[in-house]
1. Would you mind telling me which numbered condition in (1) surrounded by fewer than 24 Cβ atoms within 10 Å (Cβ to Cβ); (2) within 11 Å of chain A (Cβ to nearest Cβ); (3) not small (Gly, Ala, Ser) B:Ile330 fails?
2. Among the residues of the range E:186-204, is there at least one that is more than 14 Å from chain C (Cβ to nearest Cβ), assigned to a helix (DSSP H, G or I) and not basic (Lys, Arg)?
3. Is it the case that the range C:56-76 has a residue that's out of contact with any helix residue (DSSP H, G or I) (no Cβ under 6 Å at 6 or more places or on another chain), assigned to a loop (DSSP other than H, G, I, E, B), touching a residue at least 12 places away in the same chain (Cβ under 8 Å) and surrounded by fewer than 18 Cβ atoms within 10 Å (Cβ to Cβ)?
4. Looking at A:Ile7, A:Ile113 in this structure, which one is away from ligand 1 (no atom under 16 Å from the Cβ) and out of contact with any Phe, Trp or Tyr (no Cβ under 6 Å at 6 or more places or on another chain)?
5. Scan the range E:182-219 residue by residue and report those that are surrounded by 24 or more Cβ atoms within 10 Å (Cβ to Cβ) and touching a residue at least 40 places away in the same chain (Cβ under 8 Å).
6. Report whether or not B:Ala111 is more than 10 Å from chain A (Cβ to nearest Cβ), assigned to a helix (DSSP H, G or I), under 23 Å from the mean Cα position of the chain (by Cα) and in contact (Cβ under 8 Å) with a residue 60 or more places away in the chain.
7. For the structure I just gave you, tell me whether A:Arg140 is under 28 Å from the mean Cα position of the chain (by Cα) and surrounded by 24 or more Cβ atoms within 10 Å (Cβ to Cβ).
8. What are the residues in the range B:114-149 that are within 16 Å of ligand 3 (Cβ to nearest atom) and in a helix (DSSP H, G or I), if any?
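The values are calculated or read from the model by the stated rules, or taken from the named source; none is laboratory data. Being a predicted model, the structure only gives us computed values, none of them experimental. So basically every Cβ, Gly included, is an ideal-geometry build from the backbone, and we count neighbours across all protein chains shown.
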Amino acid sequence: MTLAVDISHRLGDFVLEAKFDSAGRLTALFGPSGSGKSTLINLIAGLIRPDKGRITVDGRVLVDTQAGIFVPVHKRRIGMVFQDARLFPHMSVAANLRYGLWFTPPAERYANIDAVVDLLGIGQLLNRRPAKLSGGEKQRVAIGRALLASPKLLLMDEPLASLDEARKAEILPYIERLRDETKLPIVYVSHSVAEVARLASDVVVLAQGKVVAAGPTEAIMQRLDLLPAEERGEGGAVLDAKVLRHDEAFGMTVLGARAGEIRVSKLARAVGAPIRLRIRARDVMVATEKPTGLSALNILPGTIVSMKPGEGPEVEIGIDCDGAVVIARITEQSRQGLQLKLGSKVFAVIKTVSFDRANTGAGLPAEVGV
Amino acid sequence: MTLAVDISHRLGDFVLEAKFDSAGRLTALFGPSGSGKSTLINLIAGLIRPDKGRITVDGRVLVDTQAGIFVPVHKRRIGMVFQDARLFPHMSVAANLRYGLWFTPPAERYANIDAVVDLLGIGQLLNRRPAKLSGGEKQRVAIGRALLASPKLLLMDEPLASLDEARKAEILPYIERLRDETKLPIVYVSHSVAEVARLASDVVVLAQGKVVAAGPTEAIMQRLDLLPAEERGEGGAVLDAKVLRHDEAFGMTVLGARAGEIRVSKLARAVGAPIRLRIRARDVMVATEKPTGLSALNILPGTIVSMKPGEGPEVEIGIDCDGAVVIARITEQSRQGLQLKLGSKVFAVIKTVSFDRANTGAGLPAEVGV
Amino acid sequence: PAHADDSKVTVFAAASLKDALDAVNKACEKKVGEAATISYAASSALAKQIEGGAPADVFVSADLDWMKYLSDKKLTKPETEVQLLGNQIVLVAPKDSKAKVKIEKGFDLAKLVGDGKLAMADVKAVPAGKYGKASLDALGVWSSVEGKVAQAENVRAALKLVSTGEAPLGIVYATDAKADKTVKVVGTFPEDSHPPIIYPIAQTADSKDKDAPAFLKCVESPAAAKIFKEQGFTVLKKK
Amino acid sequence: MDWLLDLTPDEWNAVRLSIKVALVAMVFSLPPGILIALLLARGRFWGKTLLNGVVHLPLILPPVVTGYLLLLTFGRRGPAGAFLAEHFGIVFSFRWTGAALACGVMGFPLMVRAIRLSIEAVDRKLEAAAGTLGANRLWVFATVTLPLILPGLIAGAILAFAKAMGEFGATITFVSNIPNETQTLPSAIYTFTQVPGGDEGALRLTLISIIISMAALVASEVLARRVGRRMDIE
Amino acid sequence: MDWLLDLTPDEWNAVRLSIKVALVAMVFSLPPGILIALLLARGRFWGKTLLNGVVHLPLILPPVVTGYLLLLTFGRRGPAGAFLAEHFGIVFSFRWTGAALACGVMGFPLMVRAIRLSIEAVDRKLEAAAGTLGANRLWVFATVTLPLILPGLIAGAILAFAKAMGEFGATITFVSNIPNETQTLPSAIYTFTQVPGGDEGALRLTLISIIISMAALVASEVLARRVGRRMDIE
Ligand SMILES: Nc1ncnc2c1ncn2[C@@H]1O[C@H](COP(=O)(O)OP(=O)(O)OP(=O)(O)O)[C@@H](O)[C@H]1O
Ligand SMILES: Nc1ncnc2c1ncn2[C@@H]1O[C@H](COP(=O)(O)OP(=O)(O)OP(=O)(O)O)[C@@H](O)[C@H]1O
Ligand SMILES: [Mg+2]
Ligand SMILES: [Mg+2]
């Protein structure tokens, strides 16, 4: 997919001026509260008519104020999950789910209602009215409803904000699979670094209605300065790796990245499958000599290529491990203690269990079908 | 405060049967989506009349079906922040904020409108209508509104679910300060382990309408099995410590806990101030010999007192460091490699920067007044 | 009387008298010393209002029945009751109508009406309708036109049906027909074919207004009679 | 009960006719009622105020005037009346259809107001959501808006029905009072009230009229409540 | 324009009186209208159906019957009329106050329906939120419910006003047609239609009546829109 946006729109005092292209499979819109994420996504959906500008998806013009083109919402075949669930109060959950089916030619339906219901864990809710659902349940149904309309572009406005971690973790793989297998392009609004890092191929960072950065996730995630102060530790290197082999004895999987071998908890992926790893800056330690007698299994040799002051007493150290840069966030005290400088030969020490599922894009549990 | 709940209530197919006491300053209701957290909090607020049971706060009976007592909502002096903001659409933000003042005798008002507005960063919104706010902005106003009614008990139903990390981090200290300084008892619904660990003095864990565990946060957080699988790594030891001294040179603060000295980024707290530390199990490594040349500053000697199999290939190791138990989560492979057994003398290695603000209960930035 | 100006005579009069009575009232203003306040409505409504305590001094009914209704209940002063005016009923057609008829026993009214309707005031309730039905009965044609009668709320509405061409024929008062230039009188019903058309007048039992007798006297005076005649009424001999 | 139901055939006919007229008036004014309520609630066009005014006219004018205007327009010589009669064979004058027209017109402002109020209360975000799921405007209306305004629709319909049961002035002026054809209950009642001693007959017919309308009212309440319960707007 | 406004003093009085009567009818029926709409929308009590029925009676009954019933009840010889006159000095019979009462009663069902519909559309969760902030029921109503139903209230009020401007049957039956006291515009129009050649006068008064009601209508629309804009229910 290529999504090209060049738009300006005013809402009261707020002015959104967004220009970016994204060819990613999942483009995350990232930014603090009030930065215009929802406004932008409403513009793409066609719920707001922009004052000026142009939006195209895969070359198809959705809106072009100069050419006078405005494709109406219902013809855009865009699935949307709203920040507020917006379920139809007069229909049962089942009817809500099936709503989009009416308007989808059978040939274009790719979503299976049973699979979606199973996955979202809403089987026992089917006969209920939305008013009788809890907040999280509503949002799950809303996601199901959007998926079942078999859209060509899926817009999600913080769909997981009101879900608990367990449900999030169940739904995330499904979104990943949508991203990877159905080629359904997704635009995903979030203010969670973890979600963005895991899901997005591309990130558009918004602040006060302006695009402050846009690009591939790897690049954006390494720029810890773009992340909110509280979440800088969540940023770090995003590496592409392959499954090298499984270690059945210990229930581990060995991944091969350019930086070296990395051991993680066993993944349900075939040998050779591509995997994305996020190595959070705050999970990386730096050692000047190869540690022994330590429970950390992943120790990658490398050379310090960058040092940036971080928040407060911290520094961000970029370690080039055979071409891939891993970022570590340590205290200035430690840096001085270890006498680290640009060019120092060091070891990046990473705890194995830091690679939890949320960081590896591990994909779907095997039993869930779409 | 003592909150005593012994209630049973049916909603359609769902049955809530909750019995617990809490004497904590902030009691967290913790549980997955649909477990009955909102229902329970509505019962405490008086928005639902229970089928059967009794709720008392500080000995004051709010409802007792046997004695036929039911204190109406508006007499409970209970502030409530809803999962959905529920702002009054016909009033400006300012009028929304001031709403509760009308019903609070001047003598009982302890919240200051300017301070609250500053803190929540809603100064520029005061003249707007709620319809023109973004999702996060709405929720911030809702929190302000509840606070300004100067309640005697504050109920918060996932108030931060729709806020970004930066705003969360700004608001959390304020909630902590409310908890610590105004003696305002708070009941806080959340499904985020991080929030619960940071804020709660007591936790009530709900699942499918039943209380599965209740007790002090320290105890609950160490039972990683109570946490959702995805968040087990977030659990771990919760230690009480004191500020020992500040290290201005490196911008660090040294804390004294029973386990030993712990260095964290500088805290805006006076020497001697009590601090709560959370040491996430996944941030702790185990070393059999004292590491050298490593960037980790906190290395606590101790003895292994427990070993529990965790999720997948992991084990949870309890390390008694001079009376306080720190929990580490490492791979079985490491455990075997290091030949760890009950009684082994080991070192718990903790990265300094793992103690970010969210884990230390650092309290309010100095300039914010209530 | 409970209304605003206690010193004024209040008259409750059948609505069809409005033009005539307004003129008479004006003419009498000097003699009585003031203009009376006149409330025009259907005789039935007025009679029931008087029964309900209305502050009326004088009642002018469009037929004898409603006057009798009140006098039976001792709500009028019997000594003041006078049969004031008379009227005739006529058959009217739209101005451009070619209808020709001589009203006599057994005349073929049904054929004249044809597919259309015969507009009349309500034959059970409204005086003009009642008289018309009595007349048609007496002439032996009622049964043949009964199914073609469109009963209007009042005689004016019946006239409207004819003047708009909705109905080809209608039965109305001579006074109404005379003043309406959009209709023409096709024939007049014989006086003896229906009960006499009489507008009685009386002072109410509750009336205490000292000017009421003067008003009655003036309305019954020859000067007033002249005005009534101009409007097409016949003025009845006092009895 | 016997006393109440001891009606002459003409009176029975008036009862039957009244129900028929009221039902027809209600059913046929619903579609234009919904349409105009939609226009007034959502539309932004020149002349909206005018349309709103015209819709309210029957409420503002004395019924007799309305009846007279109907007569001038839909009478056999009236422009609309002549046109309809010629091209569609629809005749209003002196027919029960005319009574239905008069009742429908008189009840129209009430119906439109009720429907309009409920349309204005509909959460447009839900309609937007339906749009993203592929529903065009018409479908959105049929599957989301319409069900959501159902209580208002029911309220509007029952108002129109009740009004039609009591409508008198415009009806009798427009289509007169022809037994078995245009003599509705109110006309029959009127006749009774105009004759001395007719009170008992008027009372009897009035009671029958009340009973019918009350039954309709109760039915509509039950219906609206059921619809509302099913819905439970969050 | 000259032609339109060339009225006799009595006609001017009728215009003034009609406006006064309609305003008074509207203003005085608002409080009971809100109360009963609340009861019907929210209450759960025995006899709710009955109350609902009674409120709708004036709509169902022919106006003449309503007027007659008013005469029997509130006339100087009627039970309520005698009581009110004796204890409070309030006299309805054949006063403009009676005309206002008749108009108020006739417009009541319309007003109640409109208000009730908007009450039913209010999000009760907002009221719950107000409760937690310390507002008792009355305050919740005054500060949350009432502002939220304002558009419905305005709609109901204007319906009642318009109805009062056009009300005729009940008024003339109850308080007769006394110039300067109870002769409202519709009564004056009626009087004109009852005499030959009165059509022009009737037309003139009808136009005046339309102008006044339209002005009120436009004003209410503007008001409702402003209130609605201010609110922008999310
Ligand atoms: N109708 C409106 N009129 C004026 N300002 C508006 C309107 N709607 C939104 N805004 C403002 O536009 C800005 C962007 O809002 P938007 O909802 O797009 O933010 P967001 O990035 O989605 O935030 P959140 O994460 O809190 O949902 C906010 O500052 C908001 O106050
Ligand atoms: N009115 C109702 N009738 C029937 N069932 C209901 C009703 N309201 C809620 N429930 C059910 O009760 C359960 C508890 O709901 P509740 O809102 O308390 O959950 P929660 O723990 O707050 O969840 P979340 O984290 O998603 O907000 C849910 O399973 C929900 O489906
Ligand atoms: Mg948003
Ligand atoms: Mg909840």
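1. That leaves (1) as the condition not met.
2. no
3. yes
4. Among A:Ile7, A:Ile113, only A:Ile113 is away from ligand 1 (no atom under 16 Å from the Cβ) and out of contact with any Phe, Trp or Tyr (no Cβ under 6 Å at 6 or more places or on another chain).
5. The answer is E:Thr182, E:Gln183, E:Thr184, E:Leu185, E:Pro186, E:Ser187, E:Ala188, E:Leu205, E:Ser209, E:Ser213.
6. no
7. Values: under 28 Å from the mean Cα position of the chain (by Cα): yes; surrounded by 24 or more Cβ atoms within 10 Å (Cβ to Cβ): yes.
Taking the combined requirement at face value, the residue satisfies it.
8. Hits for the range B:114-149 are B:Leu125, B:Pro130, B:Ala131, B:Lys132, B:Gly135, B:Gly136, B:Glu137, B:Lys138, B:Gln139, B:Arg140, B:Val141, B:Ala142.
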